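Have a look at the structure below before the remarks.
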Amino acid sequence: MHIIVVERKTHFRYRNPGCLVLNNREFITRPDLVQAKRAKIINLSKDYSYLGYGYYCSLLAEARSQKVIPSVKTILELRERSIYSHTLPELDELLRQQVKKLVMLPSAPFVLHIFFGRTDDPRFPDLARRVFDEFRAPMLRLNISPEDGWHIASIRPMALSDLKPEQEEFFELALETYTRSSWRTPKAKPAAKYSLAILHNPADALPPSDKRTLQKFIRIGEQMGVEVELIEKKDYSELAEYDALFIRETTALDHHTFRFAKKAENEGMAVIDDPTSILRCTNKVYLSELLKANKIPTPKTVVLDNRGIEAIEQEIPYPIILKIPDGSFSRGIVKAENRQQLQDAAARLLRESDVILAQEYLYTDFDWRIGILRGQAIYACQYFMSRGHWQIVKHADSGRFTEGGYRTLPIEEAPADVVELALKAAGLIGNGLYGVDLKQTPKGVVVIEVNDNPSINQGEEDAILKDDLYRRIIQEFIRRLEERPGGAAENGGSAVSLPQTVVPATTAAPSPAQIAAQVAAKVAAEVAAKIAAEVSSQVAQAIYNAARPQAVAGEDSGEQPDLPLPFTRK
């Protein structure tokens, strides 16, 4: 259900099917008026100034665990250009690309109005959508300037009173489309307690979960009171409408999957794969150093660039495996049998990355894959090499591929040393869902890699646990949601509710200063501090801090090793 908050109800003159319209004082002082557990708040207050009514409508909505636009973060970011300037280069580039496509180029500054991600200027629909992705505010005004190249001079929130008569109809259409887009068709069953978005790519030839498996997640979620919906890359702007995100698409750092994970984390959603896990797992150079620093047995591995190719023969015997840092599903991996093959393969891979990995070749009939969720092993599979090939997946030049067979075993039947080492390796990454690949060799068990986005397919990884595998994963999302601040676990397992410290309905509405003192001063300070810290810090440093592993102390030292930043692609 959507709740529309306005300065005065007389200001709202539009059709509002299914929406409750409240003035901002009612919303602040009468939380009992909003009974829907998953209410979505559209804050159309006239003024979002700090400690004003509009600001407190968004602040208290977040304190009540309600979804709201604009969020407090967005309100604070839009206060000054210096705060949101880090987002402008990408937006300016998109603006310039769209200007170049115009038949009639603008010759003077102009204003672009954006209502719920839509604009009444047909020249810039993509820009409007992207700005709304960055700043989820109902109404925005962009001042566009041609000086020193077309760019966005400023972004400011708008109020209903700013609408011109000719914009009224378009605003109404945009509002109606936005509220209707996230409605669910009523069904004769109890309302879902939570909503889970599963990000997938229908065109992916080797997805982590196939279509049948995704439908299984939907059915099991329905049984557990979780509404599961499939989303795609194009649904980025609607991500905040959900309570949790499950990424079932092959992840990478320079990719929309990482942006989805980062946005979900910033929105306070439960998310698997989380950004830190993606960062630690998807770059094999970083993962190799992490495992080595924590004394996890791995095949002999050397990081090299174009100056270290000749010397590698002295450290690793042929055949030598070469890997690009961010390959997946056996892609970006080459076996070199001699020096010529090594030089050719290295030259090709180094065109994609400044550094690559050289690794000793350890042939086994199969790899172990141990699935781990929150520090517990949940499945054990043997993935066999593709027939006549040295990898599990054999990729042809035509783009076609063949896969080897598999065998799923109960965890208790998997070798104890394999499971133990898998748990230790996954513990270096986090507490999410991981697939650890290992080999049993004459010299012992070694870890090949840790996957942040492991395969889960019907009839394969679920062969032992059946439906219980899906229940365990969905239950982990429920646990995370209920243990977050304001979740059911902090409220005795009941629906979220705030202490009734607000002024009764019969009392005159308090001033913003009184509200600050009685209800949200502490919350406001925490949010403001968080936003200030986030905006002021450098993005690279934030990623670095997130990526620093909680290293396992060695037997001979209590110190944690320092690891280098992961290398990135060109």
How many nm is it between the label spots at Val355 and Lys233, if each spot is 7 Å from the Cα in line with the beta carbon? 2.8
State which entries of Lys284/Lys323; Lys323/Lys424; Lys9/Lys46; Lys211/Lys263 exceed 20 angstrom in Cα-Cα distance in the structure shown. Lys323/Lys424; Lys211/Lys263
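Give the peptides 212-224, 363-375, 87-99 in descending order of average Cβ contacts within 10 Å, highest first. Don't jump to the answer; show the numbers that get you there.
Details: 212-224: 17.3, 363-375: 19.1, 87-99: 15.4.
The most tightly packed comes first, giving 363-375, 212-224, 87-99.
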Compute the length gained on full extension between Ser145 and Glu166: take 0.36 nm times their separation in residues and subtract their Cα-Cα distance, giving the result in nm to one decimal. 5.2 nm
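Which percent of the Cα-Cα distances in the stretch 95-179 go past 19 Å? The partial results should precede the final answer.
On the way: 1252 of 3570 pairs.
That fraction is 35 percent.
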Among rounded, prolate and oblate, which fits the stretch 204-263 when a ≥ b ≥ c are the square roots of the eigenvalues of its C-alpha gyration tensor, a/c under 1.5 means rounded, and a/b larger than b/c means prolate? oblate
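What does the highest-first list of 457-470, 440-453 look like by mean Cβ count within 10 Å? Walk me through the intermediate numbers first.
Working: 457-470: 17.1, 440-453: 18.6.
Result, highest mean first: 440-453, 457-470.
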Rounded if a/c under 1.5, otherwise prolate or oblate - the stretch 1-62, Cα gyration tensor axes: oblate
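Sorted by packing (mean other beta-carbon atoms within 10 Å per residue), highest first, where do 243-256, 269-282 land?
Values: 243-256: 20.8, 269-282: 24.8.
Highest-to-lowest ranking by the protection proxy: 269-282, 243-256.
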Computed FRET efficiency, Cβ-Cβ of Arg13 and Ser49, R0 22 Å: what is it to the nearest 0.05? 0.35
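Values in this text are rule-based calculations from the coordinates and carry no lab data. The shown structure was predicted, so the numbers you read here are calculated from the model rather than taken from an experiment. Cβ coordinates were reconstructed from backbone atoms using ideal geometry, including for glycine residues, and neighbour counts include every protein chain displayed.
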